[in-house]
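Structure record follows, encoded as structure tokens.
The values are calculated or read from the model by the stated rules, or taken from the named source; none is laboratory data. Note that the structure is predicted; figures quoted are calculated from it, not measured. Reconstructed Cβ throughout: ideal geometry from the backbone, glycine too, with neighbour counts over all protein chains shown. What goes into the accessible areas is simple: the full protein's heavy atoms, side chains included, and nothing from ligands, DNA or RNA. Shrake-Rupley method; radii C 1.70, N 1.55, O 1.52, S 1.80 Å.
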Amino acid sequence: MKNIIFIAPPAAGKGTMSELLIEKYGYIHISTGDILRGIAKSGTELGNKIAALLEGGKLISDEIVYDAVRERLRMPDLDNGYILDGFPRNLNQAEEYDKILKEVNRNLGVVIYLDTPKDILEKRITGRRLCENCGATYNVLTGVNTPHVEGKCDKCGGNLYQRSDDNSESFAVRYQEFIEKTYPLVEYYKKNNVLVSIDSVDPDLTIKAIEGVIND
Ligand code: AMP
């Protein structure tokens with residue numbers, strides 16, 4: 001299968017699409033956040049340094065991220081295809097990723113931009129409700145996955161609540177960060193002829209379009 005990089009604003013459906021692809025095609029999920037959290041727990045000098053940075057919400061230096069990605073990409077379990085999550089985050093990282101790929105002898109694959117209107121993204125986040133009992137998720141604004149009884153979980157009857165960071169202000173910050181730092185990758189990969197833009201409003205249509213691209 002073709003390797004995949006998703007470029008996706010917050011709540012565009014990257015997590016959902018990744019899960020479907022992992023289940024159906026056996027893709028391996030590589031998350032730089034997970035890798036860094038793993039090193040942070042290792043108790044080594046580097047691990048302790050990373051743990052302190054993650055805790056303070058600080059950026060991890062590019063060099064550390066590059067080493068972690070390079071090491072992960074050398075492992076043989078990725079030969080049938082992987083989804084890269086959280087990397088590259090900006091243009092510098094995209095350029096370095098091209099070099100790393102050459103070093104580890106792997107292909108970039110396809111870059112999928114999950115194109116979703118901002119107002120829908122905002123509704124997905126501010127309308128999200130979770131069951132305090134079983135963790136099931138719902139949405140009270142998008143019309144998709146609305147709970148049948150207001151404030152109650154369809155599955156177990158538990159009370160629904162809203163996560164404190166699922167608000168318009170934090171959405172605006174995350175969206176702005178995406179536009180400034182990550183969106184420029186769309187142009188970068190377009191120039192390299194590896195970008196596919198897919199409409200990510202209806203999940204059934206989105207997964208079909210993605211399957212068309214990776215099976216191509
Ligand atoms: P995530 O799980 O993707 O939200 O990442 C968690 C944290 O790991 C981020 O807040 C960053 O501190 C760090 N991180 C993950 N990916 C990268 C990256 N590509 N470049 C720099 N820092 C990263």
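With Ile39, Ile22, Ile35 as the choices, which residue is closer than 24 Å to Val104 by Cα, open to solvent by 20 Å² or more (accessible area, probe 1.4 Å), assigned to a helix (DSSP H, G or I) and more than 14 Å from the ligand (Cβ to nearest atom)?
Of the residues listed, the single one that is closer than 24 Å to Val104 by Cα, open to solvent by 20 Å² or more (accessible area, probe 1.4 Å), assigned to a helix (DSSP H, G or I) and more than 14 Å from the ligand (Cβ to nearest atom) is Ile22.
Considering each of Thr206, Thr146 in turn, give the residue that is among the hydroxyl-bearing types (Ser, Thr, Tyr), in a loop (DSSP other than H, G, I, E, B) and in contact with a strand residue (DSSP E or B) (Cβ under 7 Å, 6 or more places away or on another chain). Before the answer, list the steps.
Details: Thr206 fails: in a loop (DSSP other than H, G, I, E, B).
Selected residue: Thr146, the only one of Thr206, Thr146 that is among the hydroxyl-bearing types (Ser, Thr, Tyr), in a loop (DSSP other than H, G, I, E, B) and in contact with a strand residue (DSSP E or B) (Cβ under 7 Å, 6 or more places away or on another chain).
If you check every pair at least six apart or on different chains, which have Cβ atoms under 9 Å apart with a residue in the range 80-91 that is aromatic (Phe, Trp, Tyr) first and a residue that is more than 8 Å from the ligand (Cβ to nearest atom) and assigned to a strand (DSSP E or B) second?
From the range 80-91, the pairs are Tyr82/Ile4; Tyr82/Ile28; Tyr82/His29; Tyr82/Ile30; Phe87/Ile5; Phe87/Ile30.
If the Cβ limit is 8 Å and pairs must be 6+ apart or interchain, which residue in the range 21-46 that is free of Cβ contacts under 8 Å to residues at least 12 places away in the same chain pairs with which residue that is in a helix (DSSP H, G or I) and open to solvent by less than 40 Å² (accessible area, probe 1.4 Å)?
From the range 21-46, the pairs are Lys41/Gly47; Lys41/Ala51.
Would you confirm whether any residue within the range 116-123 is touching a Pro at 6+ places or on another chain (Cβ under 9 Å), over 28 Å from Asn3 (Cβ atoms), among the charged types (D, E, K, R) and open to solvent by 80 Å² or more (accessible area, probe 1.4 Å)?
For the range 116-123, residues touching a Pro at 6+ places or on another chain (Cβ under 9 Å), over 28 Å from Asn3 (Cβ atoms), among the charged types (D, E, K, R) and open to solvent by 80 Å² or more (accessible area, probe 1.4 Å): present.
Considering only the range 77-140, give the strands (runs of 3 or more DSSP E) lying wholly within it that have at least 2 residues that are within 16 Å of the ligand (Cβ to nearest atom).
82-85, 110-115
Please count how many residues of the range 42-71 are open to solvent by less than 40 Å² (accessible area, probe 1.4 Å) and within 12 Å of the ligand (Cβ to nearest atom). Quick ask: steps written out before the conclusion?
Taking the range 42-71 first, the residues open to solvent by less than 40 Å² (accessible area, probe 1.4 Å) are 47, 50-51, 60, 64-66, 68-69.
Still in the list and also within 12 Å of the ligand (Cβ to nearest atom): 50-51, 60, 64-66, 68-69.
The number of residues fulfilling the criteria is 8.
Report, by residue number, each residue of the range 157-170 that is at negative phi, open to solvent by less than 60 Å² (accessible area, probe 1.4 Å) and part of a loop (DSSP other than H, G, I, E, B). Working first, answer last.
First pass over the range 157-170, keeping only residues at negative phi: 158-170.
Right, trim to open to solvent by less than 60 Å² (accessible area, probe 1.4 Å) and you get 158, 160, 166-168, 170.
Matches in the range 157-170: Gly158, Asp166, Asn167.
Would you point out which residue out of Val173, Val186 is at pLDDT below 95 and in a helix (DSSP H, G or I)?
From the options Val173, Val186, the qualifying one is Val173.
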